[in-house]
């Protein structure tokens, strides 16, 4: 096994999600592979498990949707909630999905919610300086969180 290989984690202390999800880990990465239909019936079993996964320490969390047969709005909301919890803990988030799912996410503007976002710089009025901020879209709302405590003087 190479040093970059992921190992499946079989023993967990949180409620198992059945065959809908598997967790793999390696080199600071946690990969959550979702399978089958991720819908209103599956979400109550998978959501508490994902919340537990978000509490595990890692630099990067990746959700793999390539083995899902169906993801409804409830399932997508669960993935976006997981992303919010992970990024609030200052970790990185990635999403793997088939091209057809990617097109659907972009068509419904959910891709902007799930895509990793680069730092965003906002100029203060009058060009008094830069105020770096991290811009995230959550559930159709924009939320700004300052990444620096520097303030600019007002004129």
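Structure notes:
- Within segment 18-48, the residues that satisfy the criterion of being in a helix (DSSP H, G or I) and under 17 Å from residue 76 (Cβ atoms) are 20, 43, 44, 45, 46, 47.
- Within segment 34-47, residues that are at positive phi sit with their Cβ atoms under 7 Å from residues that are surrounded by 17 or more Cβ atoms within 10 Å (Cβ to Cβ) and at pLDDT below 95, at 6+ positions apart or across chains, in these pairs: 36/20; 36/68.
- When residue 42 is tested against (1) touching a strand residue (DSSP E or B) at 6+ places or on another chain (Cβ under 6 Å); (2) modelled with pLDDT of 90 or more, just one condition goes unmet, and that condition is (1).
- Verdict on residue 58 being without any contact (Cβ under 8 Å) to a residue 12 or more places away in the chain and over 14 Å from residue 95 (Cα atoms): no
- Selection status of residue 65, assigned by TED's automatic domain parsing to the domain that holds residue 97, assigned to a strand (DSSP E or B), modelled with pLDDT of 90 or more and under 23 Å from residue 105 (Cβ atoms): yes
- Of all residues in segment 51-73, those satisfying the criterion of being over 21 Å from residue 102 (Cβ atoms) and touching a helix residue (DSSP H, G or I) at 6+ places or on another chain (Cβ under 8 Å) are 51, 53, 54.
- When segment 52-77 is limited to residues that are closer than 9 Å to residue 38 by Cα and surrounded by 18 or more Cβ atoms within 10 Å (Cβ to Cβ), the one that is nearest to the chain's Cα centre (by Cα) turns out to be 76.
The values are calculated or read from the model by the stated rules, or taken from the named source; none is laboratory data. What you are looking at is a predicted structure, and each value in this text was computed from that prediction instead of being measured. Note that each Cβ is placed from the backbone with ideal geometry, even for glycine, and that neighbours are counted across all protein chains shown.
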